[in-house]
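Right, one structure below, let's go through it.
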Amino acid sequence: MTIVGSLKDVVRARQPRISALPEMAAAVLILDEDRKVEYVNASAEKLFMPVDPIGCTLSALFASCGATGGDEVFVAVDTSAEPAPMRLRLSDDRLLDCTLRSLSSGGFVVSMDDVTTYVRNAELAERDALTGLANRKALRDRLVERLASAARTGDATAVLYVDLDRFKAVNDTLGHPLGDALLRKVAERFKSALRDGDVVARIGGDEFAVIQSNAPQPAAATALATRLVDLISRAYAIDGHMLHIGASVGVAIAPDDGYEPDVLLKNADLALYRAKAEGRGCHRFFEPGMDERMQARRSMEIDLRRALALKQLELVYQPQFDLASSDIIGFEALIRWHHPTRGLVPPEEFIPFAEEIGVISAIGEWVLRTACKQAAAWPKPVAIAVNLSALQFRGGKLAETVISALAQSQLPVQRLELEITEGALLNNTDDVLNVLNRLRELGVAVSMDDFGTGYSSLGYLQKFSFNKIKIDQCFIRDIDTHADRQAILRAVTSLAVALRMKTIAEGVETEAELACIRAAGCDEVQGYLTGRPMPGGAVMALLEPACSAENF
Amino acid sequence: MPDDLYRLVYYSRNTITGDATALAAAITSILAKSQVNNQRVGVTGALMFNSGCFAQVLEGSRSAVEDVFERIQQDDRHGDVSLLAFDPAPARAFENWSMGFVGASIDDAARYGALVQDSGFDPARMTGESLFETLRKLAIEEEYAAA
């Protein structure tokens, strides 16, 4: 039985209102044929206090509470439409759902439900509690609406995915309360960059997204992405700290990049991934093909993470010779990845990737331990050179790992040589130098690898006294026909002599090249001409006393 | 403590487009607005415009300085903002300036920006401390000149 049904009976009976009505939680008003209030129950009376509603029109009554729409409530009955609740917002921010029906006996009944709590809770469910921005669910809901309306008008809709760069470092070093304060400021900066109608949401710890509609694309998305990168990268002053973070942005635009909400969101995420891969602090647009490349990367990542456990990695060793005596003085350990379907994956393809996905430390440690163990079993005490990635210096465990590898393998410390590139010295130089000095004190030799490429800052040669400089093969290739390369090589070797460092030329492939590097005064040589990388077993054979007499 | 006295020094690149008149108008408006806002929250300091750069010192309670700086950061009339210093300060250096404009008159700054650049003064190459000292000295000179 409905309220209205029971009211019909009441009115028909022309009795004083029955006892249940005054006590109902919902506010109920009965209007006469002139649309003036004839009766209010206790809830309604309380609602409009101190105004006495009797004799008022709904418009006057609503106005007294700061709401408008008294006449619109009648629209349904006046047009014989199905009655639908109308939401009133009172000046004290209470929300009332107001339904009006005509009574068969003449007049109208109005019921008003206080839906404030219900609506607030629903709003809260759509908000990110920390920043007050929309949450992921609300973002998607808004996107569904925008795309539906854009589909009718033919307008473009852009989705921008924004990731904060270096936020985690701030959060980890300065604590969550500061990280939270930073996120709130970032949210404010988002709001300051957006136009009315744009939607910004926080969709993860340090991930935000923006929906931009009714704007000329891609110009508007380009402008907004550029602005956001600039704005978010500006310094923050919070709780007495100066904080610096950055932002990377991925953009996908409907309908070109997809018109399904989830496809568009995924494509914006793919574009963001590209922005991050290309150095962060920039924006990238989605391009067809990103998805396939992403799938390919994912599958490569899965394979690479398993490679160690599946024993697909192998070390081969390339001999290094003393140019004066032609004796083998050591081997450089080189990694090989044999994959059942990919075949032999070159290190220049998977090592940078291993660095990117964070498995380089595990691989680097395996290389170090394996090389030490195998070299310890060699019949001659020649050196074993192991490459270190710059990333292995992070985490502060490198020296311990080296000590442990030496102890476990029983390899004499003087036989171990670590090769680093100047990339290792680019960041946190002091920390890296501390580790290098510690290793040096243990008796480990340290070489500067790939010398001559990259920045080739001579400052690094001053900061740390390397045992050896490995001259990159790009200077050795065809050196016999390139006077400039010969000049560079001579300069480097005389520099090394002055600094009391040895030099080794890499990538020697012809006799003519060998003659040149000998003439330039290099100490050592490594290359296809003097010896290709070989499996551990071949090293054993090569180092057997019977074989070692014949070198090159 | 949020109410401790802090000093903040930054410089940024001007992104206001237009001729000297437009620039002068923009700077006048920035100054007027910041003077009103700063007075309300007890922030003092100085703004210098030079070589296409803004250099500014803000001093006041930590929370007020942070709020004012955040508003400045969201302003798109400048870019490449470098925050040079943000530290506790023993006392205010710009006690009487809700936001002083120092170094040159607005018109001169706009008109002679290029000349100043040629003379080698470049806030971008200064540390927070030296930029602060420069602004402080210029402010004192300005006060003398006005007296």
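The values are calculated or read from the model by the stated rules, or taken from the named source; none is laboratory data. On a predicted model such as this, the values are computed, not experimentally measured, just so you know. Note: ideal-geometry Cβ built from the backbone for every residue, glycine included; neighbour counts use all protein chains shown.
Select from region A:312-345 the residues that are crowded, with 20+ Cβ neighbours inside 10 Å and hydroxyl-bearing (Ser, Thr, Tyr) and list them in ascending order.
Within region A:312-345, just A:TYR317 meets the criteria.
Looking at this structure, is A:ALA156 more than 30 Å from A:LEU58 (Cβ to Cβ) and among the small types (Gly, Ala, Ser)?
yes
State which residue is surrounded by the most Cβ atoms within 10 Å (Cβ to Cβ) when the search covers only region B:85-102 and only residues that are modelled with pLDDT under 85 and in a strand (DSSP E or B).
Looking at the filtered set, the residue picked out is B:VAL102.
Do the conditions hold for A:MET501, that is, is it over 25 Å from A:VAL316 (Cβ atoms), touching a residue at least 40 places away in the same chain (Cβ under 8 Å) and surrounded by fewer than 23 Cβ atoms within 10 Å (Cβ to Cβ)?
Considered against the rule, which asks whether it is over 25 Å from A:VAL316 (Cβ atoms), touching a residue at least 40 places away in the same chain (Cβ under 8 Å) and surrounded by fewer than 23 Cβ atoms within 10 Å (Cβ to Cβ), A:MET501 comes out as yes.
So A:GLY205 ticks every box in (1) within 14 Å of chain B (Cβ to nearest Cβ); (2) surrounded by fewer than 21 Cβ atoms within 10 Å (Cβ to Cβ) but one. Which box is left unticked?
(1)
Inside region A:79-106, can you point out the residues that are without any contact (Cβ under 8 Å) to a residue 12 or more places away in the chain and not hydroxyl-bearing (Ser, Thr, Tyr)?
If we filter region A:79-106 for residues that are without any contact (Cβ under 8 Å) to a residue 12 or more places away in the chain, which is where we start, we get A:79-82.
A:ALA81, A:GLU82, listed by residue number.
Quick check on my filter: what residues within region B:63-84 are facing chain A (nearest Cβ under 8 Å), assigned to a strand (DSSP E or B) and surrounded by fewer than 16 Cβ atoms within 10 Å (Cβ to Cβ)?
Step one: list which residues in region B:63-84 are facing chain A (nearest Cβ under 8 Å), which gives B:65-66, B:69-70, B:73-74, B:76, B:79, B:81-83.
Now narrow it down to the ones that are assigned to a strand (DSSP E or B): B:79, B:81-83.
Selection gives B:GLY79 alone.
For residues in region B:1-54 being surrounded by fewer than 20 Cβ atoms within 10 Å (Cβ to Cβ) and charged (D, E, K, R), which is farthest from the other protein chains (Cβ to nearest Cβ)?
Filtering first and then ranking leaves B:ASP19.
Which of (1) at pLDDT 95 or above; (2) within 14 Å of chain B (Cβ to nearest Cβ) is the odd one out, the single condition A:LEU243 does not satisfy?
Unmet condition: (1).
Which one of A:SER192, A:SER233 is within 11 Å of another protein chain (Cβ to nearest Cβ) and in contact with a Leu (Cβ under 8 Å, 6 or more places away or on another chain)?
Testing whether each residue is within 11 Å of another protein chain (Cβ to nearest Cβ) and in contact with a Leu (Cβ under 8 Å, 6 or more places away or on another chain) leaves just A:SER192.
Contact list please: Cβ distance under 6 Å, first residue in region A:59-76 and farther than 22 Å from A:GLU45 by Cβ, second residue modelled with pLDDT of 75 or more and among the hydroxyl-bearing types (Ser, Thr, Tyr), pairs at least six apart or on different chains.
Between residues of region A:59-76 that are farther than 22 Å from A:GLU45 by Cβ and residues that are modelled with pLDDT of 75 or more and among the hydroxyl-bearing types (Ser, Thr, Tyr), the close pairs are A:ASP71/A:SER59.
Going through region A:189-221 one residue at a time, which ones are assigned to a helix (DSSP H, G or I) and more than 21 Å from the chain's Cα centre (by Cα)?
A:LYS191, A:SER192, A:ALA193, A:ALA219, A:ALA220, listed by residue number.
Sort out which residues of region A:174-188 are among the basic types (Lys, Arg) and either away from every other protein chain (no Cβ under 14 Å) or not in a helix (DSSP H, G or I) (or both), and write them in order of number. Show your work before the answer.
Initial filter on region A:174-188 (among the basic types (Lys, Arg)): A:184-185.
Across region A:174-188, there are no qualifying residues.
Within the group A:ASP449, A:ASP472, which residue is in contact (Cβ under 8 Å) with a residue 40 or more places away in the chain and under 43 Å from the mean Cα position of the chain (by Cα)?
Checking each option against the conditions leaves just A:ASP449.
Have a look at A:LEU411, A:LEU406 and point out the one that is in a loop (DSSP other than H, G, I, E, B) and surrounded by 14 or more Cβ atoms within 10 Å (Cβ to Cβ). First the steps, then the outcome.
Working: A:LEU406 fails: in a loop (DSSP other than H, G, I, E, B).
Of the residues listed, the single one that is in a loop (DSSP other than H, G, I, E, B) and surrounded by 14 or more Cβ atoms within 10 Å (Cβ to Cβ) is A:LEU411.
So which residues in region A:245-288 are in contact with a Leu (Cβ under 8 Å, 6 or more places away or on another chain) and over 24 Å from A:ASN214 (Cα atoms)?
Selection gives A:ILE245, A:GLY246, A:ALA247.
Being buried (at least 21 other Cβ atoms within 10 Å of the Cβ) and either aliphatic (A, V, I, L, M) or more than 14 Å from the chain's Cα centre (by Cα) (or both) narrows it down to one residue among A:ARG293, A:ARG305, A:ARG234, A:ARG297; which is it?
Residue meeting the stated conditions: A:ARG234.
Across region A:361-403, what is the total count of residues that are outside any helix (DSSP H, G or I), under 29 Å from the mean Cα position of the chain (by Cα) and in contact (Cβ under 8 Å) with a residue 40 or more places away in the chain?
Within region A:361-403, residues that are outside any helix (DSSP H, G or I), under 29 Å from the mean Cα position of the chain (by Cα) and in contact (Cβ under 8 Å) with a residue 40 or more places away in the chain number 1.
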